[in-house]
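Read through the structure below, which is laid out as structure tokens, and then see the notes.
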Amino acid sequence: MTRYVIVGAGAVGVTLAAELHRSGAEVLLVARGGQLAALREGRLRFVRPSGTTTLQIPYAAGPEEVRLTEGDVLVLAVKSQDTERTVGDWAWRPVALADGGQGLAATALPLVTLQNGLDSERIALRRFAQVLGATIWVPAVYVEDGVVVNPAAPLPAALWIGRYPHGDDHPALGPLAEDLRAASFAVQVVPDITAWKTAKLLGNTVNVLDALYPPSPLRDRAAGLLAEEARSVFADAGLPVVDHGERSTLDLAGFTVQDLPGYPRFGASTWQSLVRSGSLEADFLNGEVVLQARLAGRTAPANAAVLERIQRAVQEGTPAGSLDDADLAATLPELRPAVPVPAGNNH
């Protein structure tokens, strides 16, 4: 039986661990900090529209507490900014092989990467010979240690998975997809995972706006500006962007986000990190757009501007969602309407 070693006990990791465990799959959740303490004390709650569960699942504090065996699948559920350290922590761990010998995680085990952006798979492939990339749509929230809220119903999340850099023929893909489906996830195996991750990155460019500014028509315009700039950059960089409407085979008509009493709706992952005063993944979202632009010999001024603004907000301790339209207009002057020239002064 495959064991899923899920590294990272945030919103994504807990959602995967809880639903896979509920379906009967073997799971080990690797946690740290407040989430590790909650697991040790038996008070990690997983809140869904169907009810609240106090999770009783196997856990570990790190790779030194885990005896890896052939057949394990490592699932990387940390944020993008933590990928380098986490991959390094696990790649050279010993693995007990079925023939009685010993191998290394980097060569013996597949690693599933769930991160936003485009960098984690490249980092993983430097060490791991078998990298399975995944894009996940999940509205789960982690802002308080000991509580993860996932208001999605009836499905907890949707995933598109494939071998990195390309391919859909890895022997672990089929069983992984089936186990996820048995746990009520919607899953599609794809041969071009980078194109799917690039498509999600277009949407992720708005995360910094969600973290800093309340909803407004100006914020909507800013979101469009960032996404269009990113699309132009990706085209110049030769990065494919999949069309979900044409390529996705998943029926998500019933995939809804419900209101849960006592749990108000929160922002996306960058908003959550800002609330927890944690590190941000903006360098791997808007920063990825800026990087790809520079590699292509051009600039991405809008994405560069909001990247600088959120880093300044972190340094200044700015509360999430506390900035106004005036600040947004100052950050992105392109949003300001042109001032009409008075009649008679246009010569």
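Details
- Test for residue 201: is it assigned to a helix (DSSP H, G or I) and in contact with a helix residue (DSSP H, G or I) (Cβ under 8 Å, 6 or more places away or on another chain): yes
- Every residue from segment 323-337 that is modelled with pLDDT under 95 and either of a type in the set (S, T, N, Q) or surrounded by fewer than 16 Cβ atoms within 10 Å (Cβ to Cβ) (or both): 334, 336, 337
- Residues within segment 92-117 that are out of contact with any Pro (no Cβ under 9 Å at 6 or more places or on another chain) and surrounded by fewer than 19 Cβ atoms within 10 Å (Cβ to Cβ), tallied: 9
- Scanning segment 298-341 for residues that are more than 26 Å from the chain's Cα centre (by Cα), in contact (Cβ under 8 Å) with a residue 24 or more places away in the chain and not in a helix (DSSP H, G or I) yields a count of 2.
- Number of the condition not met by residue 185 [criteria: (1) within 23 Å of residue 149 (Cβ to Cβ); (2) open to solvent by 30 Å² or more (accessible area, probe 1.4 Å); (3) at pLDDT 95 or above; (4) among the aromatic types (Phe, Trp, Tyr)]: (2)
- Inter-residue pairs, beta-carbon under 7 Å, first part of a helix (DSSP H, G or I) and in segment 240-266, second modelled with pLDDT of 90 or more and hydrophobic (A, V, I, L, M, F, W, C), 6+ apart: 244/199
- Residue check for residue 87: modelled with pLDDT of 95 or more, assigned to a loop (DSSP other than H, G, I, E, B) and within 18 Å of residue 6 (Cβ to Cβ): no
- Selection within segment 164-205 - over 17 Å from the mean Cα position of the chain (by Cα) and without any contact (Cβ under 8 Å) to a residue 40 or more places away in the chain: 166, 167, 168, 169, 171, 174, 177, 178, 181, 189, 191
- Hits in segment 124-156 (condition: in contact with an Asp or Glu (Cβ under 9 Å, 6 or more places away or on another chain) and open to solvent by 10 Å² or more (accessible area, probe 1.4 Å)): 151
- Residue within segment 280-288 that is at pLDDT 85 or above, closer than 27 Å to residue 151 by Cα and open to solvent by 30 Å² or more (accessible area, probe 1.4 Å) present: yes
- In segment 3-47, the qualifying residues are those that are of a type in the set (S, T, N, Q) and more than 19 Å from residue 151 (Cβ to Cβ), and the one that is surrounded by the fewest Cβ atoms within 10 Å (Cβ to Cβ) is 23.
The values are calculated or read from the model by the stated rules, or taken from the named source; none is laboratory data. Treat the numbers as computed from the prediction; the structure is a model and nothing was measured. Note that each Cβ is placed from the backbone with ideal geometry, even for glycine, and that neighbours are counted across all protein chains shown. Side chains included, ligands, DNA and RNA excluded: accessible areas come from the protein's heavy atoms. Shrake-Rupley method; radii C 1.70, N 1.55, O 1.52, S 1.80 Å.
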